[in-house]
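So the structure is just underneath, and the comments pick up after that.
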Amino acid sequence: MTYAPADPAFATHLSSLLPEGVLCPSEPRYQEEPRGRYTGQVGVLAKPGSAQEVALLLREANAARVAVVPYGGGTGLVGGQVLPEGPPPLLISLERMNKIREVYPQENVLVAEAGAILADVQQAAQAQDRLFPLSLASEGSARIGGNLATNAGGVNVLRYGNARDLCLGLEAVLPSGEIWNGLTRLRKDNTGYDLRNLLVGAEGTLGIITAAALKLSPIPAQQGTALFVVPDPEAAISLLALARSQLGEVVSAFELIHRQGLKFLAEHLPQVRQPFSETPEWSVLIDLGMAQGQSPVTALTDLFEAALEADLAQDGVIAQSEAQRQALWSLREQIPEANRLVGSVSSHDISVPISTIPEFIQRGGKAIAALGDGTMRINCFGHLGDGNLHYNVFPAAGRTRRDYEDMRGAVKSAVHDLVQQMGGSFSAEHGVGRMKVADLQRYGDPVKLATMRAIKQALDPNGIMNPGAVLPVLG
């Protein structure tokens, strides 16, 4: 595929068609991504204020064969928001399209533009005594369009589902510049192919989401959090089953935490208080959301006693106040930052069937130990309740990831090969982006890949939408 650059002549052409202020000087942040593995390029930066302006931009880019990179909050971890190679693209940032258009509390629906920051959507829902349950570490800067384009997960998937499950309808612009008005608030609509689910998770390769109708939920009247020390991951899975059997669907989150993550916190973020004098090998963070009149503290106490009796727990802390609850959550939420400060050799966002997690952890540890001198450290943590683990491999103490650059590929292959063998996914919630394109080609089902290419060709025959993300650019 051959692309034209978004050069000054193209910018001049666009400026003659658009209102003043849509085209803007670029800034370094639009060429960066959080892990620093890619440096992008920007030929023209556009910040449209409406779906109609997005449509004009895509129509002109398609006619000129200029590549387009959609940009949300820039928080993606797989390089989908930057284009490091080829002619400089048109980068379309949705940051000006940040309105909460309407909230329908009786319907449990909120309509937001794609550039709305996730935390602002949460607050708008809360102002109407409702909950938008998508919750991420980057929620203060991540934007709804990007959350949907990558089908973001987060800590509440166990109870509420991924971003895909929280979306009722979309407004989107296709590569041709046509606007799809699919912003329905309906929960039942069996009228043909589901274009919403086609665009959610497509990472900007099939069009640009400009607005979404989002599902809300009642705010739990009572919330409770506990940190239980467990003997091993197998016991953690049995504890999850016990919790759901004893408490039903009030379990909002169930997070597995390994000792290595807590050690990283102690080393790099000592201000984060840890509740146990001796760092446990394995622990689980449990969060409950309950109705009025129910007591989370009592429920968690009863669960802990049952877990002790069944040898599924060895120690525990149950939050007695909101401040204590937030302190426990801070442990989990700060682990990614501690990881960043250490610097990983290779990070993996994987999922396997829940019952196979103990086997995966055991086999994964052996596979990593067999590489090099066996001194690399593993921090395995994440969303046990939905089978999604962040399995990150780090340098030995006193060394840096630069010392292992030649091993990164071998580490990634060892982890992803094992995931494939165990019927899992090499990308559970972060998407494919550019980082995992080769993995998708290696591990993806051939029929699925062929169908994806056919869809891409049908909707984007000139290949202008986020080229090189998800699928390789065809020559």
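Could you tell me whether Val393 is at negative phi, in a loop (DSSP other than H, G, I, E, B) and touching a helix residue (DSSP H, G or I) at 6+ places or on another chain (Cβ under 6 Å)?
no
Residue-wise test of (1) at pLDDT below 95; (2) within 24 Å of Ala241 (Cβ to Cβ); (3) not aromatic (Phe, Trp, Tyr).
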position: Gln324; (1), (2), (3): no, no, yes
position: Ile335; (1), (2), (3): no, no, yes
position: Ile350; (1), (2), (3): no, yes, yes
position: Ile361; (1), (2), (3): no, yes, yes
position: Asp373; (1), (2), (3): yes, no, yes
position: Ile378; (1), (2), (3): no, no, yes
position: Gly385; (1), (2), (3): yes, yes, yes
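I'm checking my understanding of the structure. Among residues of segment 422-460 that are touching a residue at least 60 places away in the same chain (Cβ under 8 Å) and more than 23 Å from the chain's Cα centre (by Cα), which one is nearest to Glu33 (Cα to Cα)?
Asp460
So which residues in segment 81-113 are open to solvent by less than 40 Å² (accessible area, probe 1.4 Å) and in contact with a Pro (Cβ under 9 Å, 6 or more places away or on another chain), if there are any at all?
Gln81, Leu83, Pro89, Leu91, Ile92, Ser93, Leu94, Met97, Asn108
What is the number of the single condition among (1) modelled with pLDDT of 95 or more; (2) under 28 Å from the mean Cα position of the chain (by Cα); (3) not hydrophobic (A, V, I, L, M, F, W, C) that Pro34 does not meet?
Unmet for Pro34, out of (1) modelled with pLDDT of 95 or more; (2) under 28 Å from the mean Cα position of the chain (by Cα); (3) not hydrophobic (A, V, I, L, M, F, W, C): (1).
Tell me which of these Ser245 doesn't satisfy, since it passes every other one: (1) in a helix (DSSP H, G or I); (2) within 30 Å of Asp129 (Cβ to Cβ); (3) not charged (D, E, K, R).
Ser245 satisfies all of (1) in a helix (DSSP H, G or I); (2) within 30 Å of Asp129 (Cβ to Cβ); (3) not charged (D, E, K, R) except (2).
Where in segment 123-236 are there helices (runs of 4 or more DSSP H), lying wholly inside it, with at least 1 residues that are open to solvent by less than 10 Å² (accessible area, probe 1.4 Å), within 25 Å of Glu333 (Cα to Cα) and not β-branched (Val, Ile, Thr)?
144-149
When you look at Gly385, is it outside any strand (DSSP E or B) and crowded, with 22+ Cβ neighbours inside 10 Å, yes or no?
Here the answer is yes, as Gly385 does meet what is asked.
Can you find a residue that is open to solvent by 60 Å² or more (accessible area, probe 1.4 Å), of a type in the set (Val, Ile, Thr) and part of a loop (DSSP other than H, G, I, E, B) anywhere in segment 27-43?
The answer is yes; a qualifying residue exists.
Let me spell it out: the conditions are (1) closer than 15 Å to Cys380 by Cα; (2) part of a helix (DSSP H, G or I); (3) touching a residue at least 60 places away in the same chain (Cβ under 8 Å), and Glu255 meets all of them except one. Which number is the exception?
(2)
Out of all the residues in segment 258-284, which are part of a helix (DSSP H, G or I) and either open to solvent by less than 50 Å² (accessible area, probe 1.4 Å) or over 15 Å from Leu331 (Cα atoms) (or both)?
Correct list: Gln260, Gly261, Leu262, Phe264, Leu265.
Which numbered condition in (1) farther than 20 Å from Leu186 by Cβ; (2) touching a helix residue (DSSP H, G or I) at 6+ places or on another chain (Cβ under 8 Å) is the only one that Pro89 fails?
In the conditions (1) farther than 20 Å from Leu186 by Cβ; (2) touching a helix residue (DSSP H, G or I) at 6+ places or on another chain (Cβ under 8 Å), Pro89 misses (2) alone.
Mind checking which pairs have a first residue in segment 330-353 that is under 24 Å from Ala410 (Cβ atoms) and a second that is outside any loop (DSSP other than H, G, I, E, B) and among the acidic types (Asp, Glu), Cβ under 6 Å, 6 or more apart or different chains?
none
Show the residue pairs that are 6+ apart or on different chains and have beta-carbon atoms under 6 Å apart, the first residue being within segment 18-43 and in contact (Cβ under 8 Å) with a residue 12 or more places away in the chain, the second being of a type in the set (Ser, Thr, Tyr) and buried (at least 18 other Cβ atoms within 10 Å of the Cβ).
Note: pairs meeting the criteria are Val42/Tyr30.
The values are calculated or read from the model by the stated rules, or taken from the named source; none is laboratory data. This is a predicted model, so every value here is computed, not measured. Virtual Cβ from ideal backbone geometry, glycine too; neighbours counted across all protein chains shown. Just the protein is used for accessible areas: all its heavy atoms, side chains included, with ligands, DNA and RNA removed. Shrake-Rupley method; radii C 1.70, N 1.55, O 1.52, S 1.80 Å.
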